[in-house]
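Asks: Can you read through this structure? Questions will come right after.
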Amino acid sequence: TFKSNPKKQEIMKWNGWGYSDSKFLYNKKGQAEFTGKRYRLSGMIIPGLREWMESTFSANLQHKTPAAPILNSSAVQPPTLNEAFLKELKSTGIPFSHDAEDRVFRSHGHCLHEIFALREGKIGRVPDLVVWPNCHNDVVKIVELACKHNVCLIPYGGGTSVSSALECPPEETRSIVSLDTSQMNRILWIDEKNLTAHVEAGIVGQDLERLLNESGYCTGHEPDSMEFSSLGGWVATRASGMKKNIYGNIEDLVVHIKMVTPRGVIEKSCQGPRMSTGPDVHHFIMGSEGTLGVVTEVTMKIRPMPEYQKYGSVVFPNFEMGVACLREVARQRCAPASIRLMDNEQFKFGHALKPQVSSIFTSFLDGLKKFYITKFKGFDPNRLCVATLLFEGDREKVLQHEKQVYDIAAKFGGLAAGEDNGQRGYMLTFVIAYLRDLGMDYYVIGESFETSMPWDRVLDICRNVKARIVRECKDKGVQFPPLSTCRVTQTYDAGACVYFYFAFNYRGLSDPVHVYEQVEHAAREEILANGGSLSHHHGVGKLRKEWMRESISSVGMGMLKSVKDYVDPNNIFGNRNLL
Amino acid sequence: MTILLFFPIVGSITKKDPMLKKRDDFEDMLEERRNSSDLRYALKCYTPVLYKGLTPCKVSELKQMVLQSDQLGYVITQVSKEKGVTSDEVTGEAAAILEEMAQRLQLSTVRFFAFTLSKVFKTLFRSICINEEGLQRLQQAIHNHPVVLLPSHRSYMDFLLMSYILYTYDLALPVIAAGMDFMGMKVVGEMLRMSGAFFIRRSFGGDKLYWAVFSEYVKIMLKNGYAPVEFFLEGTRSRTAKSLTPKLGLLNIVMDPFLKGEVFDISLVPVSISYERTLEEALYARELLGVPKPKESTSGLFKARKILSEDYGSIHVYFGQPVSVRSLAESRVNRSQFNLIPRHIPTRPSEEILSFVNDSAYRLVRAQEENMVLKPWVLLAFVLLQKQAAEEKQGTALDELTEQAVWLRDLSRQYGAFLHWPDHIPPSEVVSSSLSLHRGLVRISEGRVQLALEQETRGAITPEEELLNKAVVILSCASYRNQALNVFIRPALLASAIHTAASNRKQEIYNSFSFLRNMFSNEFILCPGATVQDFEEACYLLVKTGTLQINQQEVLITERGHRTLAFLTSVLDPFLQGYQVREMHTQRHSVVFNTNGLTEKQFIPAVRKFIIKHLLTGSLLKCRLRYTEVLSSDLQKNALAALIRLGAVQKIKGYVGFTHLHVHVGLIG
């Protein structure tokens, strides 16, 4: 069988986040350390992490819960193969595999329950076959064959889903084929006159940016998962990027989409920037979560690379002031490329992740800053919170913009807290996912989830959801107080996007994952009851589909259902997401 | 009633036995007052636990927050557009309303009250007993969530007493919703204001601005955790000692911040205050008989000084389990209904919310009732009133009274009453000490006890006055009996249903139970829509105590059940007769008033006249009128409300705004 893309699968963990060489661990001295060479934090000692973990979760280095080291192939169900399909597939020459590791690798996203099961060596229903189309026409052939032989197709991009979207429906009796788009990773052309690029949908975020950068361009689309997530996945889930304030979310960036469905290929006939041709069919595709077809090629807007980037941060006396400041920034429509507000617990967490400082001078400076903020300015260290900022553009404008934002912040009691804090905040975005694996080595499980809401409800939702999490944990018998924290990650004219992080020490629980799921479920109920949305950009998948009807009304469901029925009457794209 | 088909076989109901209800112990808070300096106590260091989310603010800042709130701002704009005046003028009006309303809680005033009340309480009462565990729970609740205190209301004393207790135990002092009538008492009104009272007009139905200021004021104090908010669910003092049908306005307001997600939760704490002897005993009786309520005035309060020389026994205050609004609303209210309208725009509560608030209110009043301490005298009142109605002129022998009281003691305990009967003292002593505390209401001669109906009188009085004097004693006594009605009401409804039903078929008994329950739903606290549960509960109690046997189809009275049933039936008798009289009167006069109708205000005195006439002549149509109690205006109002609700009487808005009553004669009977 064909071993595809050795570059990716081989250097990635099979039962955790990201690259195999990069992980947090406690070294022989009991100090936390981040291994590898890929990140700024790589190879560094993080002195505060242990104490933070011990005090936040009552975790203990003596109590370990190590993961199963290698995949036990015998635990994987033998594949159910559709011989007729396989025979015709072979004749097309498109590579495929039914190797256990290949199948397991594509059987999951990164929900807690998915990773937890893998660590315990438990394997559920996995795809029976993996195919690697190389181009749009390959996909057309595969879809035709799947229709002909009634095979279930599940498109697979970067595998970073956190909505159970990649899980094989256990009730599916047909042969399930995972359609891995990773070989379709080329930029087909760049149009400098219109500032667009035509790209194959399997390309991964970081490759797309790197390749465009070589020509002096960027898309500016930077979701937190951009190291691994793919363009097709962004389109299929309505992704959002950190710098959407300048570049827009995926729906703003996409000019043209080509998707292969059981009914044929859907695409528009031109690349006009806006059209009034009935409801925008792109919006049937964006957010369809692999239920209608495979996105194969996308034309995206590109921008010249920014001349100048500057990080920044502001400390506020409390979260309320911070939110009020973000609201004002949004009102004046002067949000920087990115502006995020962490609550107090996250601020402390960020603090705990500071690497060992190399010079006495830096640590002296840190001490001075802390003294200034808490003693001189009277900020309560248990209430203050911090906003991280990223400015982009030409140098002069950036500096002007920076001043405007800091002036607004000052009106809300905000104090500029330096570039370093800001930069570290964004760097943590990429390593934080690794941290969950460390927690799982020591009885700590957790996850993040997001929502969006109108401005006037931000504080209420943050407070109520955090409190609900704490209360549910207690009710469900969690022995230790959980970490329940949030941050505002995006601002809009009419509202904001909020992320919640939630983790707890599960010692003493017989079924920790079930408890985790109950608490997350309750937290989502709380969000919806308080006027938050079902999802801002993670999507619905199977994890949240029970709330779809109340979210979009029965008529809305009917509309989506009728599109599905028309496009895919035999449910070839049978991942059962969304509806 | 297909519902009946699904009834489990009664007896196997896995219901919590009311006898096993866990209740806290009491401590006498006056004991320490009697042994240490009141002055030092009044000046003690007071550092209550506060709400964890509190942002401290001054009284004046509170007012600013109200005036600057989006909610009020919206209404001000609306009103200024409607009336065509500037919004500054309307804001001025709002500020004036707020000025009139707002409390000015001041620790020094509370200390003054603490000192004075210590002196007063020690003279008036033997003890003030508090469940300290309840206070610990309250402290926890105050720390975690905004708290609403919901005491029962039987006396003017209630809210001073509440603040006194909270001060004593170092708990956060509440702000208290008080009726505007207190403001009439100049000095006292201001003092009450400085001890946390805020004043609301009794009626402001259509006044949008007033409503907005008021509700925003309450919500802001609650949400910010400024202080626990205290108000009386019953709206006013119950003159009969029966719990009143809860008023929903304020409860609706305090639940709103939770329903709209502005706070994580709100704790509602029912508090049951029971007086062994009510200060206002005779006052209430007179009021019920039509002597109008004296206007609250400072000088009137001083006249109450003669009260100080009497013994009022003990007070029991029970702080109930805090009830979380969140858990009440869980799986009942869809909170996302508030998602689509900005929350500062006032909206009429949906049917769903109204029925939720109503059910919650009933639940809370029942929680108050359940923790109300009953004294032996309450049981004696039952016996004495029944004897009086049976016209046993020579009274009851002490032995017999004791025997009956002990029998009733055991019965009420089985029904879950919170009875404080000192078991270590011989019953005869318990009875005689109870009688001596209430010596104004009973007369004992030659070992026989009866109600003190024949009072010493100066000069000649008319038969009508004599009747009213008797009625004062009877209604006073009834106010004690009424304290325990909630214990017996469900079994009593069942007993009466068995009595009136044409057969012993379960279905038929259920039907008449349901009819009676429906008729009396203005009279007693019967949760709307809980007929089946109430029926089950009554069946369970009567089967458990060996009064009834119930099989699939039939309800059978056991050999020893007759006594209990007779007692239970007699519990409802005065009320049944009251409602009958009401109907008869209405029926008779419908002819007279047919063309014009009758205003509601005229109706009560008319009925009273009618009853007095018949009580004096001793006959009323076919049946004898045995219960002087039917003179109670409370009973008459409830009966009228029931008749209107049942469609026997119709309320029509007249052209001059009066409410006229038209009677559908055909519907009665």
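Asks: Based on DSSP loop calls and a cut-off of at most 15 other Cβ atoms within 10 Å, the longest stretch of chain B free of exposed GluC sites (Glu not before Pro) is what?
Replies: The longest such stretch corresponds to B:1-309.
Asks: I've got another one for you. To check my understanding: the extent here is largest minus smallest coordinate of the Cα atoms along each principal axis. What are those three numbers for region A:325-479, in Å, largest first?
Replies: Here the spans come out as 54, 44, 32 Å, largest first.
Asks: With label points built 7 Å along Cα→Cβ from the Cα atoms of A:Ile70 and B:Glu400, find their separation and express it in nm.
Replies: The modelled label-to-label distance comes out at 9.8 nm.
Asks: Using Cβ counts within 10 Å as a stand-in for footprinting exposure, how do A:Asp568, A:Asp252 rank, fewest first?
Replies: By the 10 Å Cβ count, ascending, the order reads A:Asp252, A:Asp568.
Asks: Sort A:Arg125, A:Arg457, A:Arg274 so the one with the fewest other Cβ atoms within 10 Å of its own Cβ comes first.
Replies: On the way: A:Arg125 15, A:Arg457 24, A:Arg274 7.
Fewest-to-most ranking of A:Arg125, A:Arg457, A:Arg274: A:Arg274, A:Arg125, A:Arg457.
Asks: Can you give the charge dipole size of region A:308-429 about its Cα centre, rounded to the nearest 20 debye, using +1 on the beta carbon of Lys and Arg and -1 on the beta carbon of Asp and Glu?
Replies: 140 debye
Asks: Equivalent ellipsoid semi-axes for region B:146-276, as square roots of 5 times the alpha carbon gyration tensor eigenvalues: give them largest first, rounded to whole Å.
Replies: Square roots of five times the eigenvalues give 21, 18, 16 Å.
Asks: Within straight cross-link reach of A:Lys193, meaning Cα distance under 16 Å, which lysines are found once same-chain residues fewer than 8 apart are removed?
Replies: Once the sequence-local lysines are set aside, what remains near A:Lys193 is A:Lys301.
Asks: Report the Stokes-Einstein translational diffusion coefficient (µm² s⁻¹, integer) for chain A, Rh taken as the Kirkwood radius over Cα pairs, at 10 °C with viscosity 1.306 mPa s.
Replies: The estimated diffusion coefficient comes to 64 µm²/s.
Asks: How much length is gained if the chain between A:His521 and A:Cys270 is pulled fully straight, taking 0.36 nm per residue apart and subtracting their Cα-Cα distance, in nm to one decimal?
Replies: 86.0 nm
Asks: Ok, one more. Can you compute the FRET efficiency between A:Leu61 and B:Glu82 using 1/(1 + (r/R0)^6), with r the Cβ-Cβ distance and R0 = 45 Å? Round to the nearest 0.05.
Replies: That pair, A:Leu61 with B:Glu82, gives E of 0.05.
Asks: Which whole number gives the average count of other chain Cβ atoms within 10 Å of the Cβ atoms across peptide A:466-472? Could you put the intermediate results ahead of the total?
Replies: Values: counts 1, 7, 3, 0, 1, 4, 0.
Other-chain Cβ atoms within 10 Å of each residue's Cβ, averaged: 2.
Asks: For Cα pairs less than 8 Å apart in space and 6+ apart in sequence, what is the mean separation divided by the residue count of chain B, i.e. the relative contact order in percent?
Replies: Reported as a whole number, the value is 14 percent.
Asks: If you take the beta carbon distance between A:Ser553 and B:Glu454 as r and set R0 to 51 Å, what does 1/(1 + (r/R0)^6) give as a FRET efficiency, to the nearest 0.05?
Replies: Once the sixth-power term is evaluated, E becomes 0.10.
Asks: Let me ask something else about it. So what are region A:1-81's ellipsoid semi-axes, whole angstrom, largest first, if each one is the square root of 5 times an eigenvalue of the alpha-carbon gyration tensor?
Replies: Details: eigenvalues 204, 69, 16 Å².
Largest first, region A:1-81 gives 32, 19, 9 Å.
Asks: Just want the ordering: A:Ile154, B:Ile557, A:Ile123, from fewest to most Cβ atoms lying within 10 Å of their own Cβ. Before the final figure, lay out each step's value.
Replies: Working: A:Ile154 27, B:Ile557 16, A:Ile123 20.
So the ranking, lowest neighbour count to highest, is B:Ile557, A:Ile123, A:Ile154.
Asks: With all distinct Cα pairs included, what does the Kirkwood hydrodynamic radius of the protein assembly as shown come out to in Å, to one decimal, could you say?
Replies: By the Kirkwood definition, the hydrodynamic radius is 35.8 Å.
Asks: Kindly state, to the nearest 0.05, the FRET efficiency for B:Val532 paired with B:Glu330, given R0 = 25 Å and r defined as their beta-carbon distance.
Replies: Calculated value: 0.70.
Asks: Could you work out the mean projected area of the convex hull around the alpha carbons of region A:501-546, in square nanometres to one decimal?
Replies: If I average the Cα hull's projected area over directions, I get 3.9 nm².
Asks: Next question, about the same structure. Could you give the spread of the C-alpha atoms of region B:73-215 along their three principal axes, from largest to smallest, in whole angstroms?
Replies: Projected onto its principal axes, the Cα set of region B:73-215 covers 60, 36, 27 Å.
Asks: Turning to a different aspect of this structure: For B:323-336, what's the mean count of beta carbons from other chains sitting within 10 Å of each residue's beta carbon?
Replies: Rounded to a whole number, the mean comes out at 2.
Asks: May I pose another question? Before anything else, pin down the relative contact order of region A:476-534: Cα pairs under 8 Å, at least 6 apart, normalised by residue count, whole percent. Show your work: numbers first, answer last.
Replies: Details: 54 pairs, mean separation 17.2, N = 59.
Averaging sequence separation for qualifying contacts and normalising by length gives 29 percent for region A:476-534.
Asks: Still on this structure: Starting from the Cα of B:Val49, step 7 Å toward the Cβ, then list every residue of region B:104-137 with an amide N under 18 Å from that point.
Replies: Counting backbone N atoms under 18 Å from the label point, the list is B:131-137.
Asks: Once you have the Cα-Cα distance between A:Val281 and A:Glu144, take 0.36 nm times their residue separation minus that, and quote the gain in nm to one decimal.
Replies: Values: separation 137, 0.36 × 137 = 49.32 nm, distance 2.21 nm.
Result: 47.1 nm gained on full extension.
Asks: Next up: Give me a single rounded figure for A:527-534: the average over its residues of other chain Cβ atoms within 10 Å of their Cβ.
Replies: Mean inter-chain Cβ contacts per residue within 10 Å come to 4.
Asks: While we're on this one: Given a cut-off of under 8 Å on Cα pairs at least six residues apart, what relative contact order in percent is computed for region A:8-180?
Replies: Computed over region A:8-180, the figure is 21 percent.
Asks: While we're on this one: Where does chain B land on the Kirkwood hydrodynamic radius, alpha-carbon pairs, in angstrom? Mind dumping the intermediate values first?
Replies: Working: mean 1/r = 0.0371 Å⁻¹.
Its Kirkwood hydrodynamic radius stands at 26.9 Å.
Asks: In whole angstrom, and with the biggest value first, how far do the Cα coordinates of region A:211-322 range along each principal axis?
Replies: 56, 37, 31
Asks: While we're looking at this one, here's another question. Which whole-angstrom value gives the distance between the alpha carbon centres of region B:75-135 and region A:23-84?
Replies: With region B:75-135 and region A:23-84 each reduced to a Cα centre, they are spaced 59 Å.
Asks: Okay, moving on. Using the Kirkwood radius over C-alpha pairs as Rh, can you work out the diffusion coefficient of region B:362-452 via Stokes-Einstein at 20 °C, viscosity 1.002 mPa s, in µm² per second? Could the numbers behind the result be given before it?
Replies: On the way: Rh = 13.8 Å.
Roughly 155 µm²/s, to the nearest whole number.
Every read-out reported here was derived from the displayed coordinates using simple, explicitly stated rules and does not represent laboratory data. Computed from a predicted structure; not experimentally measured. Neighbour counts are summed over all protein chains in view; Cβ atoms, including those assigned to glycine, are modelled from backbone coordinates with ideal geometry.
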